[in-house]
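The values are calculated or read from the model by the stated rules, or taken from the named source; none is laboratory data. All values reported here derive from a predicted model rather than from experimental measurement. Ideal geometry is used to build each Cβ from the backbone, glycine not excepted, and the neighbour counts take in all protein chains shown. These area figures cover heavy atoms from the full protein model, side chains too; ligands, DNA and RNA do not enter into them. Shrake-Rupley method; radii C 1.70, N 1.55, O 1.52, S 1.80 Å.
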Amino acid sequence: MVRSEATDVMIAGAGPVGLTLAAELRRAGVACRIVDRLPARLPFAKAVGLQPRTLELFDRMGLVRDVLDAAVPMRGQLTYVNGVAEERIELVLPPEVPYGFAALPQYETERVLEEFLGRYGTTIERATEVVAFAQDADGVTSRLTTPSGGEEEVRSRFLVGCDGAHSLVRKGLGLSFEGGAFPEEYMLADVEVGWSLPPGYGVRSMHRGADGAVDDLLVCIPLPGTGRYRMSMLVPPELSAARQAEASGAAGGDGVAHGLEGGTAPALADIQNVLDRLAPEPVTASALRWSSVFRISHRLVDRYGRGRVFVAGDAAHIHPPTGAQGMNTGIQDACNLAWKLALAVGGAAGPRVLPGYDAERHPVGEEVVGRTVRHAAEGVQADPTDRETLLLREAQLLVGYRESPLVTPLAPDDPDPLRPGDRAPDCGGLTGDIAAYPVRLFDLLRGRGHVLLVYGNHPAGDTAADLASAAAELTGGRMETHGILPADAPDRPAGFPHHRDSRGEFARRYGADEGAAFVVRPDGYLTARLQPPRVRALREALGKVFEA
């Protein structure tokens with residue numbers, strides 16, 4: 001067995017979640033290896049929806065432009081029941097949200113992430129799999145199988161399983177994966193159609209029987225290309241992977257029935273049969289790129305890690321694809337975990353940081369699994385939430401960590417709606433002293449780690465210079481400070497970059513009175529709100545994250 005040089009983090013699985021984790025680690029200067037058992041990227045349009053929150057994270061990483069160049073907009077949904085059109089759903093978000101909904105085949109999302117990761121000199125080790133591991137107080141020893149058929153032993157400080165619904169890492173940790181499976185099976189197909197429906201809209205066409213239950217279903221998600229859609233529909237009995245497995249006596253493996261199944265792949269004629277029954281208008285399908293049978297389970301781990309080993313994405317939670325929540329939730333897992341691991345590798349993480357991954361992300365996984373199961377059974381339209389809140393939740397813009405042990409909570413009677421643990425919102429109209437054009441706050445945060453945003457001139461608090469000095473000292477130089485000045489304030493540079501809030505958007509969105517400061521984490525959430533800003537309060541807030 002070959003024994004390799006140690007690395008900081010070993011990542012099992014090179015789907016969108018593992019690639020995001022690797023990219024964020026490398027961006028933070030952390031060494032990692034990422035392996036995948038597959039010899040090449042799969043050309044399947046499995047997960048196709050990109051939520052606005054994911055695009056914000058890609059913006060922070062510095063790769064959103066490549067994603068936007070490849071994706072197509074998701075403008076809404078057209079719904080039909082027994083051939084009758086229902087109210088059109090428009091995916092319109094508040095104007096301050098910088099990105100809308102998008103669609104992109106999973107293999108294209110992986111391509112963009114892989115190319116971005118390559119800029120840091122890290123590549124995917126293909127046809128390589130973590131098959132066993134053991135951890136101790138100082139690290140993790142992983143055993144890998146290699147393309148040549150040999151074995152390799154790798155020592156790392158941490159191991160993360162991004163290895164999907166049948167995760168070996170999850171099993172090796174002995175984590176429970178409780179839940180159930182839906183009896184229905186679905187056909188997936190990547191095809192082109194020439195109908196007259198408006199581009200950019202998904203299509204959901206259902207047939208309800210005499211008892212009101214849905215007995216036939218067609219869901220179409222637009223993809224890049226003329227008339228191209230990823231379609232899903234109920235599978236006919238003759239293509240049922242479950243029936244084929246039962247007939248052949250095949251075992252159920254680990255019992256997790258989720259994802260693409262083997263067996264007979266649907267043909268174009270099978271897809272056409274469904275379109276003939278349910279398409280809103282007569283249409284012919286063509287250019288079948290791939291097809292498969294898909295099964296759905298809903299499961300959640302009891303915890304997101306143990307010791308130095310963690311799980312993320314489908315290794316931690318699986319659920320119906322309703323609302324395109326799965327891959328996007330996994331990408332948020334990765335962004336949440338990456339900065340915590342980076343601090344731990346650098347010796348700067350306080351004792352709450354790594355346990356904070358489970359504390360923050362497990363409740364999110366629980367909520368997403370429960371919501372998507374409800375929506376799969378009843379439809380998104382059955383959600384009692386008002387339409388604006390529903391869209392913000394589906395966009396994953398309402399994910400937050402107010403109960404996290406890593407944030408400094410405000411007093412219960414504090415009236416401000418923006419609280420520590422919330423997503424740090426974007427705003428525009430920030431002008432500098434040299435550039436003649438205004439920029440967005442997200443432009444200032446792009447590519448950075450922890451940032452202290454200092455607003456105003458602090459007549460009731462410590463000076464901006466004192467706060468900036470304390471931030472650098474308390475984090476070992478890992479926190480940058482950026483000043484935001486009111487539009488009419490005198491220019492008082494304090495030795496760090498600053499912009500003027502020329503349209504007052506920052507003051508409105510952040511509820512910032514004269515003299516406030518905000519700690520923004522690398523994943524774009526608020527750790528603390530200091531009003532008035534004082535070094536003592538900043539020290540308390542950073543003490544929850546950084547090693548004293």
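Here are some notes:
- Filtered residues of the stretch 120-129 (kept if open to solvent by 50 Å² or more (accessible area, probe 1.4 Å) and not β-branched (V, I, T)): Y120, G121, E125, R126, E129
- Some residue of the stretch 268-278 being in a strand (DSSP E or B) and open to solvent by less than 10 Å² (accessible area, probe 1.4 Å): no
- Members of the stretch 130-145 found to be open to solvent by 70 Å² or more (accessible area, probe 1.4 Å) and either within 15 Å of I34 (Cβ to Cβ) or in a loop (DSSP other than H, G, I, E, B) (or both), listed by number: D136, A137, D138
- Residue within the stretch 486-502 that is within 28 Å of the chain's Cα centre (by Cα) and either modelled with pLDDT of 95 or more or among the aliphatic types (A, V, I, L, M) (or both) present: no
- Taking every residue in the stretch 93-113 that is within 19 Å of R230 (Cβ to Cβ) and among the acidic types (D, E) and pairing it with any residue that is at pLDDT below 95 and open to solvent by 30 Å² or more (accessible area, probe 1.4 Å), at least 6 positions away or on another chain, the pairs with Cβ-Cβ distances below 7 Å are E110/R41.
- Top-ranked residue of the stretch 37-66 - restricted to ones that are assigned to a loop (DSSP other than H, G, I, E, B) and open to solvent by less than 20 Å² (accessible area, probe 1.4 Å), ranked as modelled with the lowest pLDDT: A45
- Verdict on L42 being farther than 14 Å from E129 by Cβ and touching a strand residue (DSSP E or B) at 6+ places or on another chain (Cβ under 8 Å): no
- On the stretch given as the stretch 292-324, residues that are surrounded by fewer than 22 Cβ atoms within 10 Å (Cβ to Cβ), of a type in the set (S, T, Y) and in contact with a helix residue (DSSP H, G or I) (Cβ under 7 Å, 6 or more places away or on another chain) total 1.
- When residues of the stretch 381-407 are limited to those that are in contact with a Lys or Arg (Cβ under 9 Å, 6 or more places away or on another chain) and at pLDDT below 85, the one surrounded by the most Cβ atoms within 10 Å (Cβ to Cβ): D383
- Note on the stretch 273-292: residues that are polar (S, T, N, Q) and over 25 Å from Y107 (Cβ atoms) total 2.
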